[in-house]
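S.K.: I have a structure I would like to understand better, so I am pasting it below and will then ask my questions one at a time.
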Amino acid sequence: MTALTARGRERASASPRPRAARRAARFKESLVGWGFVAPNLVLMSLFLFIPIVWALILSFQETKGFGDPEWVGAANYAKLLADPVFWQSLANTLVFTVATVPIELAGGLGLAVLLNSVIPARGLFRTIIVLPMVISGVASGMIAVILFYESNGLVNKVLQALGLDAIGWQSQGTPAMVSVVIAAIWLRLGFNMIIYLAGLQSISPELYEAARIDGASKWQQFRSVTVPLVGPSTFFLLIMNVIASFQVFDLIFVMTGGGPGNATSVLVTYAYRNGFQIREQGYGAAIGIVILLITLVFTFIQWKTNRTRDLVE
Amino acid sequence: MAQTTSVLEIADAELLGPRGAARVQRRRRYSSERKGIVWRTILVALVALIVVFPLYWMLVVAFSPRGEVFEPGLRLWPSTLTLENFAKVFDRVPVLDWFGNSVVIGAFVTALTVIVNLLAGYAFARLRFRGRNGIFLLGLATMMIPVQAIMVAQFKLVSGLGIYGSYWGVILPGAAAAFGIFLARQFFLSIPDEVIEAARIDGAGQLRIFLQVVLPLCKPLIAVLTLLTLLGSWNDFAWPLIALKDNELFTLPIGLLYLKNQTSPDYNAIMALSLIAVLPMVLLFVFFQRYFVQGFARSGIK
């Protein structure tokens, strides 16, 4: 799209010059362009592209102690397929994603609709709901640890005051996962709300007027005007939330460390554990490659749909 | 708005004529509207309360006497306000060093990232050169890759370069980000052609056009980029965790983890340090909310 408009602009401005001069000018512009991109390209090559290739190489190697790495072919990947903890981490990642994303979407849309309507102190409410976005994952995790503390943490004390049993947030697998899910939703609700608010503000009020004249109730208006028209935002958020969920690290690292057992171990924490705690670097790199591939797939979907959206608009 | 019209109201309308009917209609809509406002406000206030509560709890624990929040009995505020947790943190760990490290690393990452992203974003939006689309796509494709996917290799690389355990080991990989390029590119695309054309006709070179004509128009963009990059760097955890080894060089998030990993973690002290770590960004957010929200939302449009 942009390439096309840029070319059009070029053609319009550079008509009567002789060909050689034009070619020289174009060469110069090319040089200038590369010059502008160079600092970023150097940094990205050094600290992103090279590590990606290196990670791929490492994933075919094994590092034993202080010796040189040894080529082991696809042994790390074979190990991966046979490793129950890897599969559990993958399953946990999926469970975490499925548990967080729909609530983030629905909650974000609900809040956006509410905050897009006439209510007092709208700005204040919006500020509060967005606020967790500037709180670090580590600090959030620490607060969650204290709130969900098993012996006499506030959440359990409230549960007991309500006549319910205290829950083993640290000692039992499912509650541990639930506590991380809640913390993650807390952190990300604001982002979903902001994106939906931007989406809502682009819907023409006349559509609601028309629906109202047709006798549509508030709920019908929501279902047949709001939901379809924020579709692009929903899709964008779906992908962003899924990517974020697949990469949840800080919260789990701080809150559960992947435990109890491996109940909250996810791909990124398992990769870290292998790469830096057990120090099986080749194996850690192989898990990293799996994460990389999954991320690329979602990025591709995101890009693909964004492009079609551009063309439609 | 459910349009349940009672028999009485129809009768009313017939008696009062068209103008009176409109008045009844208006009154009915007004009162249901007002009820709607009340309900919506209650709902939003409830959510806001739940969202803000964990932050309130951080304050409570930070200013409570040690261990009080874990005593039996439901207590929602400290019995006495105390600064002992802060005193303990300053006494036992090098908080000022950590704070300083976060500031230095944040400042360098931000300055470097913003400069480099502005340049690249301008090139992608406004300059034509061979291979432009190729690099652009490469940047787009790798933008979302988390550090955990490549951290082993990145660690080896940083060690090989001799910057492991130093500021630069955190700063340089931290500045190798593509996110800002896209934000910048979008902004530069929205600048009218005439502005740039006029400068070119005046004989200005591309660098001069960029520095003297385009950049002065980009203050909001620079504000958004600066704030978002600083936020990301300030809160970054995974990479500093890998790249730093000496206690004195820790950033605040790593310092927090250090406090928690001690044999009997003092959660009051941890909350005191959390507050110190969180406060600068909360203040920035309160003062520059518009830019933060714009940045978050922009990342959504594209």
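S.K.: In nanometres, what is the gap between the two model label sites at A:A91 and A:V178, each 7 Å from Cα along Cα-to-Cβ?
M.R.: Rounded to a tenth, the inter-label distance reads 1.9 nm.
S.K.: Radius of gyration and Dmax for chain B's Cα atoms, expressed in Å?
M.R.: Values for chain B (Cα only, Rg and Dmax): 27.8, 91 Å.
S.K.: If you don't mind, another one. Within a 10 angstrom radius of the beta carbon, how do B:L138, A:L197 rank from fewest other beta carbons to most?
M.R.: On the way: B:L138 17, A:L197 23.
Fewest-to-most ranking of B:L138, A:L197: B:L138, A:L197.
S.K.: Are there any chymotrypsin sites (Phe, Trp or Tyr not before Pro) in the range A:47-113 that are in a DSSP loop and have at most 15 other Cβ atoms within 10 Å? List them by number. Before the final figure, lay out each step's value.
M.R.: Numbers: sites: A:F47, A:F49, A:W54, A:F60, A:F66, A:W71, A:Y77, A:F86, A:W87, A:F96; in loops: A:F60, A:F66.
Counting only loop positions with at most 15 other Cβ atoms within 10 Å, the chymotrypsin sites (Phe, Trp or Tyr not before Pro) in the range A:47-113 are A:F66.
S.K.: Whole-Hz ³J(HN,Hα) for each residue in the range B:165-176, computed from phi via Karplus 6.51 cos²θ - 1.76 cosθ + 1.60 with θ = phi - 60°, x for glycine and proline: what do you get?
M.R.: x, 10, 3, 4, x, 8, 5, 5, x, x, 8, 8
S.K.: At q = 0.09, 0.11, 0.13 Å⁻¹, what is the base-10 log of I(q)/I(0) for the protein assembly as shown according to the Debye formula with one equal point scatterer per Cα and no solvent? Please give it to two decimals.
M.R.: Reported log10 I(q)/I(0), two decimals: -0.83, -1.16, -1.48.
S.K.: With a 10 Å Cβ neighbour count serving as the proxy for reagent exposure, in which order, fewest first, do B:K88, A:K304 appear?
M.R.: Values: B:K88 16, A:K304 10.
Listed from fewest to most nearby Cβ atoms, that is A:K304, B:K88.
S.K.: Further question: On a full-extension model of 0.36 nm per residue, what is the gain between A:L46 and A:V72, subtracting their alpha-carbon distance, rounded to one decimal in nm?
M.R.: On the way: separation 26, 0.36 × 26 = 9.36 nm, distance 2.61 nm.
That works out to 6.8 nm of additional length.
S.K.: Mind giving me the nanometre distance, one decimal, between the label points for A:L296 and B:E197, set 7 Å out from Cα along Cα→Cβ?
M.R.: So the two model labels end up 4.2 nm from each other.
S.K.: What does the extension gain come out to for B:L137 and B:R34, with contour length at 0.36 nm per residue minus their alpha carbon separation? Don't skip to the answer; put the middle values down first.
M.R.: On the way: separation 103, 0.36 × 103 = 37.08 nm, distance 5.11 nm.
Separation in residues times 0.36 nm, less the Cα-Cα distance, equals 32.0 nm.
S.K.: Over the range A:77-178, what is the mean sequence separation of C-alpha contacts under 8 Å (at least six apart), divided by residue count, expressed as relative contact order in percent? Display every interim value, and only then the final one.
M.R.: Numbers: 38 pairs, mean separation 11.8, N = 102.
12 percent.
S.K.: Starting from 0.36 nm per residue, how many nanometres of slack lie between A:I203 and A:V118 once their C-alpha separation is accounted for?
M.R.: 29.0 nm
S.K.: Next question. Using a Förster radius of 30 Å, what is the FRET efficiency between B:R130 and A:L81 based on their Cβ-Cβ separation? Nearest 0.05, please. Please report the intermediate quantities before stating the final value.
M.R.: Working: r = 43 Å, r/R0 = 1.43.
Efficiency, rounded to the nearest 0.05: 0.10.
S.K.: Identify the trypsin sites (Lys or Arg not before Pro) of the range A:25-78 meeting these criteria: DSSP loop state and at most 16 other C-beta atoms within 10 Å of the C-beta.
M.R.: Working: sites: A:R26, A:K28, A:K64; in loops: A:K64.
Listed in order of number, the matching sites are A:K64.
S.K.: DSSP loop trypsin sites (Lys or Arg not before Pro) in the range B:111-165 with at most 14 other Cβ atoms within 10 Å of their Cβ, which ones? Walk me through the numbers before you get to the answer.
M.R.: On the way: sites: B:R126, B:R128, B:R130, B:R132, B:K156; in loops: B:R128, B:R130.
Hits after loop and neighbour filter: B:R130.
S.K.: Run the helix sum for chain A: -39,500 (n - 2.57) per DSSP H stretch of 4+ residues, divided by residue count, reported at 222 nm to the nearest 500 deg cm²/dmol.
M.R.: Working: 15 runs with 217 residues, N = 313.
Estimated from H runs of four or more residues: -22500 deg cm²/dmol.
S.K.: Can you give me the relative contact order of chain A as a percent, contacts being Cα pairs under 8 Å and 6 or more apart? List each step's numbers first, then the result.
M.R.: Working: 309 pairs, mean separation 80.6, N = 313.
Answer for chain A is 26 percent.
S.K.: Please find the FRET efficiency linking B:L43 to A:R23, where r is the Cβ-Cβ separation and R0 is fixed at 56 Å, and quote it to the nearest 0.05. Walk me through the numbers before you get to the answer.
M.R.: On the way: r = 65 Å, r/R0 = 1.16.
For R0 = 56 Å, the calculated efficiency reads 0.30.
S.K.: Okay, next question. For chain B, what is the relative contact order in percent, using Cα pairs closer than 8 Å and at least 6 residues apart in sequence? Please list the in-between numbers first.
M.R.: On the way: 248 pairs, mean separation 81.4, N = 302.
Once normalised by length, the contact order is 27 percent.
S.K.: So what does the Cα-only Debye profile of chain A read at q = 0.09, 0.10, 0.11 Å⁻¹, as log10 I(q)/I(0), no solvent term?
M.R.: The calculated log intensity ratios at q = 0.09, 0.10, 0.11 Å⁻¹ are -0.69, -0.82, -0.94.
S.K.: Any aspartates and glutamates with Cα under 19 Å of the B:K156 Cα? List them, leaving off those in the same chain fewer than 8 positions away.
M.R.: A:E62, A:D68, A:E70, A:E280, B:D246
S.K.: Shifting gears a bit: Only counting other Cβ atoms within 10 Å, I'd like A:E280, B:E68 sorted with the fewest neighbours first. If you can, show how the numbers build up before the last one.
M.R.: Values: A:E280 20, B:E68 16.
Starting with the residue having the fewest Cβ neighbours, the order is B:E68, A:E280.
S.K.: Near the amide H of A:Q61, under 5 Å away, which other amide H atoms are found, from residues 5 or more places off or on another chain, if H is placed in the peptide plane?
M.R.: So A:Q61 has HN proximity to A:V72.
Read-outs: derived from the displayed coordinates by stated rules, not from any lab. Remember, it's a predicted structure, so these values are computed and weren't measured experimentally. No Cβ is skipped: glycine too gets one built from the backbone with ideal geometry, and neighbour counts run over all protein chains shown.
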